[in-house]
Amino acid sequence: MGSCSGRCALIVLCTFQLVTALERQVFDFLGYQWVPILANFAHIVVIILGLFGTIQYRPRYVVVYTVWTAIWVTWNIFIICFYLEVGGLSQDSELLTFSLSQHRSWWHEHWPGCLHEEVPAAGLGDPHGQALVSGAICALEPSSVEALHSGLQILIALLGFVCGCYVVSVFTEEEDSFDFIGGFDPFPLYHVNEKPSSLLSKQAYFPTAQTPLRCQQTSTRR
């Protein structure tokens, strides 16, 4: 019962986590944020592995997912610090774009309810031929939206870490108990299969052992 409830909780959590990761991947693509795109792609792959391991009773895949959730929490903490400009970080830098784009994020340029002042890029211009936002007045800052996205990812990852540890422990206990009764150990099956053959060999051995005695008895009678 505990295994079923833990598995179901982790499956539901991974499904919701996959949906939020795909949503974030779409907006990172639209904002040309290449480093988050790669991180989201790795995150999606690990979530799929975690789902497969949970459904197919593969604890190793669940362990990979659990370890990744800790890494994912660290990454999202960095994203929050980046957009809130904590610790000397600046969201105007090109750290998340590999210096291939001057876009900050999709939310900075298309956040609803903002008054944007668009200025065409000078010099070589934007690699994607789009105007950049030089200033915006918003009720809610787009950097706060990015921080809220990362905060949601941290919350889901922490829940996934707890559920993953629980599911791995349950799977391990079930495997140990099943090995104890000879579920995966081939020796008991081999031992059971050997019993009939050993009995046949004993039955075949006794007549051959008695034949010299009969020969001796007939010789003495003669």
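The values are calculated or read from the model by the stated rules, or taken from the named source; none is laboratory data. Computed from a prediction, not measured in an experiment: that's the story for all the values here. So basically every Cβ, Gly included, is an ideal-geometry build from the backbone, and we count neighbours across all protein chains shown. Heavy atoms of the whole protein, side chains included, go into the accessibility calculation; ligands, DNA and RNA do not. Shrake-Rupley method; radii C 1.70, N 1.55, O 1.52, S 1.80 Å.
Look at residue 14 and say whether it is over 25 Å from residue 108 (Cα atoms) and surrounded by fewer than 16 Cβ atoms within 10 Å (Cβ to Cβ). No: the conditions fail for residue 14.
Yes/no matrix, rows are residues, columns are (1) assigned to a strand (DSSP E or B); (2) over 17 Å from residue 109 (Cα atoms); (3) modelled with pLDDT of 75 or more:
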site: 123; (1), (2), (3): no, yes, no
site: 143; (1), (2), (3): no, no, yes
site: 150; (1), (2), (3): no, yes, yes
site: 154; (1), (2), (3): no, yes, yes
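In the set (1) open to solvent by 50 Å² or more (accessible area, probe 1.4 Å); (2) touching a Phe, Trp or Tyr at 6+ places or on another chain (Cβ under 9 Å); (3) in a helix (DSSP H, G or I), residue 98 fails one condition alone, (3).
So, in segment 65-76, of the ones that are surrounded by 15 or more Cβ atoms within 10 Å (Cβ to Cβ) and among the hydrophobic types (A, V, I, L, M, F, W, C), which residue ends up nearest to the chain's Cα centre (by Cα)? In this case the residue turns out to be 68. Filter segment 31-41 down to the residues that are under 10 Å from residue 21 (Cβ atoms) and surrounded by fewer than 16 Cβ atoms within 10 Å (Cβ to Cβ) and list them by number. Correct list: 41 only.
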